[in-house]
Amino acid sequence: MRRITLLNLHSRNMCRNQFLRFSSPTVNIPYQKDENNSLENTSVEEDEGAQKNFLKNIVVLPRKNHVIQMVYCGSGYSGMQINKTSPVPSIEEELVSALVKAQCIPEICATNLKLVRFQRCARTDKGVSALAQVISVKLFENGVNPVETINSYLPSEIRVTGVKRATTGFNSKIMCDARTYSYTLPTFALSRDPSSVPDSSFRLPREDFHHVNRLLSFYKGTHSFHNFTRGKLSDDPSARRHIYQISCSEPFVRHGVEFARILIKGQSFMMHQIRKMVGLIIAVVKGAATPELLPLSVRINKTNLPLAPALGLVLECTHFDSHNWRCHYNQTTRTVTWEEFLPVTESFREDKIMPVIIDGELRDLSFLIWLQQFSGYRFLVI
């Protein structure tokens, strides 16, 4: 694909002459810093602004909208989104760097992603992994396999699974109908027996398993989750979120220790929301909080809720049902689905994500340490 500006020869010569005029030392007024000399300051600012406008005109930006589907292990990263105020590693930073090196976007866009309309489907928090992240972005099409090329510049814990053309105006955040997360944890944390510890002999009693699912069912529907995130009050409409499904799946055993996975499908989630949802359920199960705190948590203006460890949280699936229906109706193939990537995502889960979650928990005993805070925890704020 040609990456030259679409200017005729006459226009290019004019631009070149204009640039030479602005950059020539014989034309510019000698500048000495003088805050009182507004005329000299204005002249320099105009010259700099003209050069910036000229450079903006000669940079060719990608014009074709694409969907990038990716997986990653979030351990060791500060989250999905680039943190502009702090030099901490992020998934997005690695991806953008790879897109530049793969010549999918110009280097200038690495510091201004709005130029290529970069948008993520979900802003996963620090330490959170994903099996179904979706990025919408304008990319160059250079005729080579973009998946292989981009992955060659990515670390092994971040993989692009698919890149394809998207419909005009596709926005991965706005057009995502729902997100499904999973939270993996050792089952002793779900036991009503306070003496339960993580060892190979423990297995979650069936009555406790059903008790956990009954408690989780409270979250279904629309509630104000202002207490499950930061900086929200009970009358803030942005705190109202809808939960479609939530349940604890059947336990499984790894390295002799029993684990379970809580699955949560919601329209959208706020920072820390899922970890606090899980934390409150465990507090009730362990008797550190009464069941009455569940309805109170979505009504009263302020309550302290425990934040469960981040290690077990994974973005399992992102749902674009409405968008896909429109694609089928318009007879286009630019849908966003995950079925074709299931072998890749399941392999990545087993090779990259689960060892970090399981081995990390068995090594650090993060849940056992976390549960010890309940002895002096204050849930209600007066």
PRE zone check, label point 7 Å out along Cα-to-Cβ of Ser156, amide N under 16 Å, scope segment 345-371, hits 347-357
Straight-line reach check, Lys276, cutoff 16 Å on alpha carbons, 8 or more apart in-chain or any other chain, hits among lysines -> Lys126, Lys220, Lys232, Lys265, Lys286, Lys302
Partner lysines whose C-alpha sits under 19 Å from that of Lys138, ignoring same-chain residues fewer than 8 away, are Lys56, Lys64, Lys101, Lys114, Lys164, Lys173
For segment 96-158, the charge dipole (Cβ of Lys, Arg +1; Cβ of Asp, Glu -1; about the Cα centre) points to a positive end, and the Cα of Ser129, Tyr153, Leu115 closest to that extreme belongs to Leu115
FRET efficiency for Asn145 and Asp351 from the Cβ-Cβ distance with R0 = 22 Å, rounded to 0.05, comes out at 0.50
Rounded to 0.05, the calculated FRET efficiency for the beta carbons of Arg117 and Val344 at R₀ = 25 Å is 0.40
Kirkwood Rh for segment 110-247 from C-alpha pairs, in Å, is 19.4 Å
Calc'd 3J(HN,Hα), segment 86-96, phi into Karplus 6.51 cos²θ - 1.76 cosθ + 1.60 (θ = phi - 60°), Hz, glycine/Pro = x, comes to 9, x, 10, x, 9, 4, 4, 4, 5, 5, 4
Of the convex hull enclosing the alpha-carbon atoms of segment 202-266, the direction-averaged projected area in nm² is 5.5 nm²
Two pseudo-spin positions, 7 Å from Cα along C-beta at Asn304 and at Arg63, lie apart in nanometres by 5.9 nm
Residue by residue through segment 203-212, the couplings from Karplus 6.51 cos²θ - 1.76 cosθ + 1.60 with θ = phi - 60°, in Hz, x for Gly and Pro, are 9, 5, x, 5, 5, 6, 4, 5, 4, 4
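Throughout, read-outs are computed from the coordinates displayed, never taken from laboratory work. What you see is a predicted model, and the numbers here were worked out from it, not measured in a lab. Cβ coordinates were reconstructed from backbone atoms using ideal geometry, including for glycine residues, and neighbour counts include every protein chain displayed.
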